[in-house]
Amino acid sequence: MRYFIGNWKMFGVPKSINILNKINSFISKDKNRNKYRAIFTPPYTLLESYCKQFKNKNIKIGSQNCYQKDHFSSNTAAISSYMIRSVGSEYTLVGHSDNRGEGDNDQMLKDKVKFALKNNLKVIFCIGENKIHKRKKQTFKILKKQLVSVLDSKLNKRNIIIAYEPIWSIGTGKIPNNKDLFNTIIFIKKTLAKIFKKNGPAVIYGGSVDKNSVQMFKQIREIDGFLIGGASKSYKKFIDIIKNYYR
Ligand code: PGA
């Protein structure tokens with residue numbers, strides 16, 4: 001199974017549903033549709049209505065984040081996994097570099113993953129090195145720390161997807177070279193195999209994925225899918241990524 005996950009970030013109003021309607025109808029006619037899953041993470045404001053609209057359709061809906069406490073609490077503007085699940089959402093991102101940059105630390109991320117899984121959300125857990133780590137050749141060290149400090153063998157790996165997103169690649173048009181990316185994905189998969197004591201969760205790639213870069217990424221068969229930011233706001237760009245992947 002491959003994943004094409006669109007992360008809208010701070011984008012979208014109710015009528016933006018037209019974008020997803022077009023993608024949904026493309027998928028319903030696509031001969032490859034059984035080989036992949038399309039998931040979108042709109043902002044919280046659209047979560048409930050989009051979950052209703054796409055119930056039993058070809059697009060799954062998730063949130064972009066969740067709070068590190070269960071159920072209800074007295075934290076202004078916080079939204080828990082329990083609340084996200086209650087409106088029909090099936091997934092949540094955890095640990096996107098935007099949120100790590102705003103203060104999410106490993107302990108908070110561990111709690112977010114724990115409560116998301118407890119509330120029957122599937123977790124898309126994001127990891128990635130920044131350009132200083134890369135320059136200092138600390139990529140593997142950083143990725144390992146991000147994985148081992150949050151994940152453990154008791155978690156259900158079937159409900160977890162790991163999104164490897166080099167921070168220097170997000171929204172920049174810069175992408176890793178083929179060899180580095182292959183080695184990094186293999187390193188992540190080996191680290192996950194140790195944590196989960198056998199095969200670990202699926203591993204997808206994110207960072208400047210578009211219809212051109214996907215031609216290179218698809219050569220690495222170990223990549224189980226993509227987390228797509230900028231190109232997920234246009235139905236045409238998103239569909240072109242799927243088309244080029246299976247071409
Ligand atoms: P991008 O964003 O595709 O615009 O680089 C990816 C992400 O932040 O998930």
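The values are calculated or read from the model by the stated rules, or taken from the named source; none is laboratory data. Since this is a predicted model, take the numbers as computed values, not measurements. Glycine also receives a Cβ, built like all others from the backbone with ideal geometry; neighbour counts cover every protein chain displayed. Just so you know, the surface numbers come from the protein's heavy atoms only, side chains and all, with ligands and any DNA or RNA stripped out. Shrake-Rupley method; radii C 1.70, N 1.55, O 1.52, S 1.80 Å.
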Failed criterion for Lys134 (all others in (1) crowded, with 17+ Cβ neighbours inside 10 Å; (2) outside any strand (DSSP E or B); (3) out of contact with any helix residue (DSSP H, G or I) (no Cβ under 8 Å at 6 or more places or on another chain) hold): (3)
Of all residues in region 171-193 being of a type in the set (S, T, N, Q) and not in a helix (DSSP H, G or I), the one that is farthest from Cys126 (Cα to Cα): Asn177
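Yes/no matrix, rows are residues, columns are (1) within 14 Å of the ligand (Cβ to nearest atom); (2) under 26 Å from Lys15 (Cβ atoms); (3) open to solvent by less than 60 Å² (accessible area, probe 1.4 Å):
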{"site": "Ile188", "(1), (2), (3)": "no, no, yes"}
{"site": "Phe196", "(1), (2), (3)": "no, no, yes"}
{"site": "Gly200", "(1), (2), (3)": "no, no, yes"}
{"site": "Val203", "(1), (2), (3)": "no, no, yes"}
{"site": "Ser213", "(1), (2), (3)": "yes, no, yes"}
{"site": "Met216", "(1), (2), (3)": "no, no, yes"}
{"site": "Gln219", "(1), (2), (3)": "no, no, no"}
{"site": "Gly225", "(1), (2), (3)": "yes, no, yes"}
{"site": "Ile239", "(1), (2), (3)": "no, yes, yes"}
Options Ile61, Ile84; residue that is farther than 16 Å from Pro14 by Cα and not basic (Lys, Arg): Ile84
Pairs where the first residue, in region 24-37, is over 16 Å from Asp240 (Cβ atoms) and the second is of a type in the set (Ser, Thr, Tyr) and outside any loop (DSSP other than H, G, I, E, B), C-beta under 7 Å, 6+ apart: Arg37/Tyr3
Matching option when the condition is surrounded by 19 or more Cβ atoms within 10 Å (Cβ to Cβ) and not β-branched (Val, Ile, Thr), among Ser74, Ser89, Ser49, Ser28: Ser89
Residues of region 219-246 classified as among the charged types (D, E, K, R), more than 18 Å from Thr172 (Cβ to Cβ) and in contact with a Lys or Arg (Cβ under 9 Å, 6 or more places away or on another chain), total: 5
